[in-house]
Amino acid sequence: MKKNDKVLLVHPEISRTKYNFAGIIDNEPLELEYICAMLRDEGYRPYIWDGQVEKVSFAARLRELRPSVVYICGRTRQENFMKEYAAEAKSCGAVTMIGGLHAQRCYSHFFNDCTDYVFTGFDPSPIREILRGTPPESVSSVCWKRDGKWIVNKAVPDDIRDLPRPDRTYFYQHSDRYRYLELLPAAHVRTAYSCPYRCSFCIRNRMNCGVYSVRDIADVVDEIAQIECDNIYIIDDDFLFGEERLEQFVKLIRVRNIHKRYVCYGRADFIAAHPELMRKLRSIGLYYVLVGIEAADDRRLEVYSKRSDDATNVRAIRLLNSLGINAMGMFITDLDFTAADFRSIWKWVKRNDLRHAAVSIFTPEMNTELINSYRGRLITHDPSHWDYLHVVAQPSEMSVRRYYFHYHVLLIRLFLRAWRQGIYDFIDYRFFIGSMVKNLFRFGG
Ligand code: SF4
């Protein structure tokens with residue numbers, strides 16, 4: 001396949017409106033950096049183009065490089081951009097490849113003339129196999145075309161221990177941009193694929209064919225030691241899992257005398273049940289823990305199969321507060337919410353002194369059993385609305401306009417509270433609150 005040795009690896013922008021939280025959380029394109037490392041070893045010249053941080057347009061970069069292959073990844077909300085870039089790349093004669101989280105579940109969305117291959121797993125090696133000229137019928141986790149007809153090869157789970165170390169050249173070149181809130185720069189580290197839990201609303205546990213796969217913790221610590229960055233965002237869907245593994249993590253970080261700050265996801269039930277381990281994690285630099293509180297009442301937690309309850313959520317936040325770990329509580333506003341339910345989240349945040357809160361609108365994920373039960377209520381099919389900020393299905397207790405009103409009132413209250421408390425002083429509060437006010441009756445600001 002090698003017409004020339006340039007491969008352009010693309011992560012499209014998140015959105016083209018200014019209301020996209022760019023400059024607040026910007027994620028290192030870790031997935032592309034793994035592919036980059038693999039392709040470099042293979043003798044290719046890979047280039048990354050990340051729409052979150054690039055000043056040069058995709059079209060200009062494409063014309064400048066004239067790559068033989070363009071690989072594009074993204075999430076559901078980026079589907080339209082992924083297709084647009086694939087069409088542009090195809091018009092320049094490149095072989096086009098699609099991958100990433102969205103393609104794992106919704107590969108058929110990319111079955112069009114502008115796409116040559118769709119990869120449906122985490123493992124980057126099928127990309128290498130295709131580039132080597134291995135017959136596609138013998139490559140796993142790829143969709144390809146024979147005589148214009150799409151063939152779907154079986155997706156297989158990847159063993160995360162086979163990943164190469166990522167090539168972080170691009171991250172270091174843009175270290176003024178990749179951040180998690182005030183932590184700038186923040187490098188991403190992945191220690192596991194998928195999640196061992198099965199919360200009903202969540203798509204993350206379906207990734208990697210639903211198989212939880214973890215790296216050896218000594219290898220993780222070794223990688224962290226080598227990253228030239230003081231802030232490490234561990235992007236596992238649930239890092240706080242496996243007491244022994246975490247004890248080992250603490251021990252090795254201490255032995256290697258590593259001094260960094262860490263961000264990770266963790267479940268409230270694990271946090272509440274392990275106060276001493278959380279204290280140790282705090283002592284080695286645990287700074288933010290993102291906790292899925294999801295709901296302010298037990299009934300909804302039960303419906304979500306969260307396997308935790310409100311009292312546990314409260315205990316977890318109290319513990320994190322007492323240890324001086326920043327808790328980022330994540331909530332879902334359900335489509336059956338009444339006005340009182342929106343207020344109950346606000347009251348929960350205040351009552352439990354939760355300093356950091358993020359609120360998503362309930363969004364049935366594409367290509368799951370869950371979305372089938374919402375099929376008749378969907379009010380949009382535009383993938384860019386699958387960003388957890390849009391209402392995608394008809395709420396049961398009020399109109400869509402009324403729903404946006406209550407949702408944005410809640411956001412405005414949370415933003416004003418954060419402003420008063422002096423957190424996130426790097427963001428333009430006036431702009432975001434102005435956008436939320438504009439969005440009070442419909443989304444679009
Ligand atoms: S919500 Fe969190 S704990 Fe539940 S399945 Fe998803 S990633 Fe796992």
Taking the criterion of being under 18 Å from ASN4 (Cα atoms) and in contact with a Pro (Cβ under 8 Å, 6 or more places away or on another chain), would at least one residue in the stretch 93-105 satisfy it? yes
Test each condition in (1) within 19 Å of SER308 (Cβ to Cβ); (2) crowded, with 19+ Cβ neighbours inside 10 Å for ASN208 and report the one that comes out false. (1)
With the condition kept exactly as written, say whether any residue in the stretch 33-46 is small (Gly, Ala, Ser) and assigned to a helix (DSSP H, G or I). yes
Residue check, TYR233 modelled with pLDDT of 95 or more, within 16 Å of the ligand (Cβ to nearest atom), buried (at least 20 other Cβ atoms within 10 Å of the Cβ) and within 30 Å of ALA311 (Cα to Cα): yes
Leading residue by the ranking (farthest from ILE332 (Cα to Cα)) among those in the stretch 264-286 that are buried (at least 22 other Cβ atoms within 10 Å of the Cβ) and away from the ligand (no atom under 15 Å from the Cβ): LEU281
Exactly one of (1) farther than 22 Å from ILE14 by Cβ; (2) surrounded by 14 or more Cβ atoms within 10 Å (Cβ to Cβ) is unmet by SER373. Its number? (2)
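The values are calculated or read from the model by the stated rules, or taken from the named source; none is laboratory data. This is a predicted model, so every value here is computed, not measured. Positions of Cβ are backbone-derived with ideal geometry, glycine not excepted, and every protein chain shown enters the neighbour counts.
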